[in-house]
Amino acid sequence: MQKVAVSNRDVEKCDVKGSESTASIWVDGLNVYRGDRHILKDVGFTARRGEVLGLIGANGSGKSTLLKTILRLLNRKSGSIRIEGVDLDALDRKQLAKTVAYMAQENECRWPLSVRRVVALGRMPHQKPWKALEERDWSIVDQVMKTVAIEHLTDRPVIHLSGGEKHRVLFARALANEPEILLADEPTAGLDPYHQLHLMELFREQAERGKTVVVVLHDLILASRFCDQLVLLKEGSVLNWGTSETVLNPDSLDQGYSISTETFQHNGSRAVIPWRCRHTT
């Protein structure tokens, strides 16, 4: 079987994927260890404004670690990361928090705060020390609640919401930050089909407004339908990177997941459906 891995050193040579000067997120030669374990191995890719980039791969392939490293929640051993053209190490915490919003994989709301108060937490990077939120901050909060269609939940305690409602509240909190970049780790996990589609439609809308969206997904149907670019990770390395047509091919999916798929076409849209496991001995 032919190997389809994209060399991370080809990052600047691939015009279709952008370059350091045009990328919103630029990663090259990234290596991350946890103890003696080499988690990310020479990872490189770019994410551009106005696009949704999906991070896919089997469990344990390094997707969440990659997001946390971009957020500087984990340290890297080597490699370069640039955010909006600025070296990650040159950004202070406040600058990074203003530029990048993060929807974590496990982000339970355990306090009985109202929905509006939870969304308002997204304004914290802009809040002056020891000062209350200003009128402009609350205006932004109310606007993003309308964008995400949760204004009817304004006074509801967030702990009493359904899973789909909580995800929309957390998405609104991220938007309240007015970030240039949105990072989301498995945001559709545990949601019913309606709320999965709705959330991905909201990500697409943000990309169309000029944001950079990077989302970790396990659902290949959603990945193929909503993502402009995909990065397929296997055991911490980039196995393939490009458009969904480029990445979601039989060889890549066999190597990355040990599965075969079927492809469905509808009104110009393409969806890739996992079909059979390739059993290994």
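The values are calculated or read from the model by the stated rules, or taken from the named source; none is laboratory data. Bear in mind that the values here come from a model prediction, so they are computed numbers and not experimental data. With ideal geometry, Cβ positions are generated from the backbone for all residues, glycine too; neighbour counts draw on all protein chains shown.
Could you tell me which of the residues Arg93, Arg110 is surrounded by fewer than 17 Cβ atoms within 10 Å (Cβ to Cβ), basic (Lys, Arg), modelled with pLDDT under 95 and within 30 Å of Leu30 (Cβ to Cβ)?
That would be Arg93, the only listed residue that is surrounded by fewer than 17 Cβ atoms within 10 Å (Cβ to Cβ), basic (Lys, Arg), modelled with pLDDT under 95 and within 30 Å of Leu30 (Cβ to Cβ).
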Problem - Scan of the stretch 127-142 for residues that are of a type in the set (S, T, N, Q) and either surrounded by 15 or more Cβ atoms within 10 Å (Cβ to Cβ) or assigned to a helix (DSSP H, G or I) (or both), ordered by number - result: Ser139
Practice task
Check whether at least one residue in the stretch 74-92 is under 30 Å from Gln127 (Cβ atoms), touching a residue at least 60 places away in the same chain (Cβ under 8 Å) and part of a loop (DSSP other than H, G, I, E, B), and report yes or no.
Solution key: yes
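Only residues that are under 21 Å from the mean Cα position of the chain (by Cα) and assigned to a helix (DSSP H, G or I): list them for the stretch 219-251, please. Break it down into steps so the answer makes sense when it comes.
Going residue by residue through the stretch 219-251, those that are under 21 Å from the mean Cα position of the chain (by Cα) are 219-248.
Result: Leu220, Ile221, Leu222, Ala223, Ser224, Arg225, Phe226, Ser244, Glu245, Thr246, Val247.
Here are some residues: Met124, Met145. Which one is in a helix (DSSP H, G or I) and surrounded by 16 or more Cβ atoms within 10 Å (Cβ to Cβ)? Even if it seems obvious, please write down each step before you answer.
Values: Met124 fails: surrounded by 16 or more Cβ atoms within 10 Å (Cβ to Cβ).
Every option except Met145 fails the conditions.
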Handout entry: Sole residue being in the same structural domain as Thr261 (by TED's automatic domain parsing) and not basic (Lys, Arg), chosen from Thr212, Thr154
Key = Thr212
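Being over 21 Å from Gly163 (Cα atoms) and surrounded by fewer than 18 Cβ atoms within 10 Å (Cβ to Cβ) is the requirement here; does Ser237 meet it? Steps first, answer last, please.
Working: over 21 Å from Gly163 (Cα atoms): yes; surrounded by fewer than 18 Cβ atoms within 10 Å (Cβ to Cβ): no.
Taking the combined requirement at face value, the residue does not satisfy it.
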Exercise for the section: Give the stretch 151-185 a look and list any residue that's in a loop (DSSP other than H, G, I, E, B) and farther than 27 Å from Ala47 by Cβ, or say none. Expected result: Thr154, Asp155, Arg156, Leu161, Ser162
